[in-house]
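See structure below.
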Amino acid sequence: AKNAGKRRFAFFEATMYTAALHRVALESDLREALARDELLLHYQPIVELATGRIVGAEALVRWRHPVRGLIPPMEFIPIAESTGLIVPIGRWVLREACAQAARWRAAGTTDFRIAVNVSAWQVQSSELVADVREALAHAGLPASALSLEITESTMLTDTEVTLGRLHELKALGVTLGVDDFGTGYSSLSYLQRFPIDQLKIDKSFVDGLGGAAHDPALTRAIVAIGGALRLPMVAEGVERPEQVEGLLALGCELAQGFHFARPMPASELSARLAPTPER
Ligand code: C2E
Ligand code: CA
Ligand code: CA
Ligand code: CA
């Protein structure tokens, strides 16, 4: 038994070592990824629940690694954050996403809106506001067509810097949305302190809708908070038709999830977009 324990420890050490090596290798590769044009964006449609019409999309970054293949953001965004690379990577994402959104609007979906994830690190950076302004100008995209998704935890890190930054962004005219709303456990008072325009209801609450095994009480409570503050809501992670009914009944108007579409390359979304109806 003692030997088995030793072996297990040796295995554990070796695993840790491999993980550390892996991380160091990825980190140095990530430094080159932008210059080598290895990053790309996929777009997941955001639909109007009542009509099913695509009114926008969330830009989600991927890394096409020459050896490891397509790497999901969860595996390199944390590395980008801890090395500061998130600032140039985030700048690239903003530019690319705004340029693509402008193309879709020019092609006839004139009310198309693009959502871009912004990490806490970027909000702390003094370059963010200039990067957003520059991305909009370069694309010729109106600020009202861009929404920035910021997690609750962002608003709890250096709140004075964050508050100032969000007001600067707000002054540009962009929409500020809280991502993964409801998962931050913290006090909700930030919703009144910060200039927030929209809530993105986390998948974990959407999971609780439309199914015998689930209790929708928490989802109802979360959506009620948005309703009380008159904040528009987008539900994420909608996978089943019953959830669409549930969300509509609760007064949530926009959603995204595998039920509608998975994140896809720009060319695929182009084929699915319809012109904005005239009114
Ligand atoms: P997120 O902002 O919560 O994005 C939603 C994630 O949920 C995406 O994963 C999406 O593919 C996935 N998803 C969407 N609908 C469904 C569904 O119906 N079911 C399930 N099971 N999953 C669904 P993805 O693309 O792997 O992105 C993961 C996270 O990486 C994002 O979570 C976001 O936090 C981060 N991320 C992605 N792109 C960027 C970026 O450009 N900048 C920064 N800072 N973070 C990013
Ligand atoms: Ca998001
Ligand atoms: Ca989210
Ligand atoms: Ca989420």
Going through (1) closer than 23 Å to residue 147 by Cα; (2) out of contact with any strand residue (DSSP E or B) (no Cβ under 7 Å at 6 or more places or on another chain); (3) away from ligand 3 (no atom under 15 Å from the Cβ) one by one, residue 265 fails only at (2)
Here the qualifying pairs (Cβ atoms under 6 Å; residues six or more apart or on different chains; first in the range 204-215 and over 11 Å from residue 182 (Cβ atoms); second among the small types (Gly, Ala, Ser) and at pLDDT 70 or above) come out as 209/246; 210/246; 214/208
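Only one of 209, 248, 231 is in contact with a Leu (Cβ under 7 Å, 6 or more places away or on another chain), at pLDDT below 90 and more than 23 Å from residue 158 (Cα to Cα). Can you tell me which?
Details: 248 fails: at pLDDT below 90; 231 fails: at pLDDT below 90.
Answer to the check: 209.
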Checked against (1) of a type outside the set (S, T, N, Q); (2) within 14 Å of the chain's Cα centre (by Cα); (3) surrounded by fewer than 22 Cβ atoms within 10 Å (Cβ to Cβ), residue 146 satisfies every condition except (3)
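Restricting attention to the range 135-156, which residues are assigned to a helix (DSSP H, G or I) and either of a type in the set (Val, Ile, Thr) or free of Cβ contacts under 8 Å to residues at least 40 places away in the same chain (or both)? Lay out the reasoning, then the answer.
First pass over the range 135-156, keeping only residues assigned to a helix (DSSP H, G or I): 135-139, 143-145, 152-156.
Selection gives 136, 137, 143, 144, 152, 153, 154, 155, 156.
I'd like the full set of residues that are over 22 Å from the mean Cα position of the chain (by Cα) and part of a helix (DSSP H, G or I), limited to the range 32-54. Walk me through it before giving the result.
Looking only at the range 32-54, we keep the residues that are over 22 Å from the mean Cα position of the chain (by Cα), and these are 32, 35-36, 50-51.
Answer for the range 32-54, where residues must be over 22 Å from the mean Cα position of the chain (by Cα) and part of a helix (DSSP H, G or I): just 32.
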Checklist entry - Any residue at all in the range 248-270 that is exposed (fewer than 14 other Cβ atoms within 10 Å of the Cβ), of a type in the set (Ser, Thr, Tyr) and closer than 18 Å to residue 44 by Cα? => result yes
Scanning the range 166-212 for residues that are closer than 23 Å to residue 112 by Cβ and among the basic types (Lys, Arg), the one nearest to ligand 2 (Cβ to nearest atom) turns out to be 200
Quiz item: residue 163: outside any loop (DSSP other than H, G, I, E, B) and within 13 Å of ligand 2 (Cβ to nearest atom), yes or no?
Solution: no
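Name the single residue, out of those in the range 164-189 being under 16 Å from residue 227 (Cα atoms) and away from ligand 3 (no atom under 16 Å from the Cβ), that is surrounded by the fewest Cβ atoms within 10 Å (Cβ to Cβ).
Kept after step one, since they are under 16 Å from residue 227 (Cα atoms), are these residues of the range 164-189: 177-178, 181-182, 188-189.
Then keep just the ones that are away from ligand 3 (no atom under 16 Å from the Cβ); that gives 188-189.
Working: 188: 12, 189: 8.
For the range 164-189, the residue satisfying everything is 189.
Yes/no matrix, rows are residues, columns are (1) touching a Leu at 6+ places or on another chain (Cβ under 7 Å); (2) surrounded by fewer than 19 Cβ atoms within 10 Å (Cβ to Cβ); (3) not acidic (Asp, Glu):
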site: 19; (1), (2), (3): no, yes, yes
site: 25; (1), (2), (3): no, yes, yes
site: 30; (1), (2), (3): yes, no, yes
site: 45; (1), (2), (3): yes, no, yes
site: 49; (1), (2), (3): yes, no, yes
site: 59; (1), (2), (3): yes, no, yes
site: 70; (1), (2), (3): no, yes, yes
site: 73; (1), (2), (3): yes, yes, yes
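The values are calculated or read from the model by the stated rules, or taken from the named source; none is laboratory data. Not measured: the values here are computed from a predicted model. Positions of Cβ are backbone-derived with ideal geometry, glycine not excepted, and every protein chain shown enters the neighbour counts.
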